[in-house]
Amino acid sequence: MRKCIIALTDSARRYADGHGIMKEVTKLGLDDDCLPGDIVSLEREEMPHDFVILRRRWVISGEGRRLELTLDYPARPLKV
């Protein structure tokens, strides 16, 4: 399994910044078996923080390839 890079939508970024969890969210260590529509919950003592995986994107560069997962907030079912 390959660890993925985490990207955030604007709303997810604002939420993470506002709750002081940005560092934790961007370091989640999700694997490449995650799919769009999966809910990701970061459980903290005060409350759980739920995000949804919006998309997967393969990034190819001179340094190799990596899978980027984009998280969105609020977590909600994706429309198909």
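The values are calculated or read from the model by the stated rules, or taken from the named source; none is laboratory data. Quantities reported herein were computed from a predicted structural model and do not represent experimental measurements. In this analysis, Cβ positions are derived from the backbone assuming ideal geometry, glycine residues included, and neighbour counts consider all displayed protein chains. Note: accessible area is taken over every heavy atom of the protein model, side chains too, but ligands, DNA and RNA are not part of it. Shrake-Rupley method; radii C 1.70, N 1.55, O 1.52, S 1.80 Å.
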Exercise. Taking θ as phi - 60°, what are the ³J(HN,Hα) couplings along the stretch 43-53 by the Karplus curve (6.51, -1.76, 1.60), each to the nearest whole Hz, with x for Gly and Pro?
Worked result: 8, 10, 4, 6, 4, x, 10, 9, 10, 10, 6
Exercise. Accessible area per residue, 1.4 Å probe, Å², for the chain: what's the number?
Worked result: 67 Å²
Seminar exercise, completed: Relative contact order as a percentage, the chain, C-alpha pairs under 8 Å and 6+ apart, gives 36 percent
Exercise. What percent antiparallel are the DSSP beta bridges of the chain, to the nearest 5?
Worked result: 80 percent
Problem set entry | Amide H contacts of Asp32 (H built 1.01 Å from N, under 5 Å, at least 5 apart or other chain) | Arg2
Exercise. So who's got an amide H within less than 5 Å of the one on Leu71, skipping anything under 5 residues away but keeping other chains? H placed 1.01 Å off N, in plane.
Worked result: Ala7, Leu8, Thr9, Leu54
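With all protein chains present, how much of the accessible area of the chain (probe radius 1.4 Å) comes from carbon and sulfur, to the nearest whole percent?
50 percent
From largest accessible area down, sort Asp50, Asp31; use a 1.4 Å probe on the protein chains. If you can, show how the numbers build up before the last one.
Numbers: Asp50 60, Asp31 40 Å².
Ranked list, largest accessible area first: Asp50, Asp31.
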Seminar exercise, completed: For the chain, the charge dipole (Cβ of Lys, Arg +1; Cβ of Asp, Glu -1; about the Cα centre) points to a positive end, and the Cα of Leu35, Gly64, Gly20 closest to that extreme belongs to Gly64
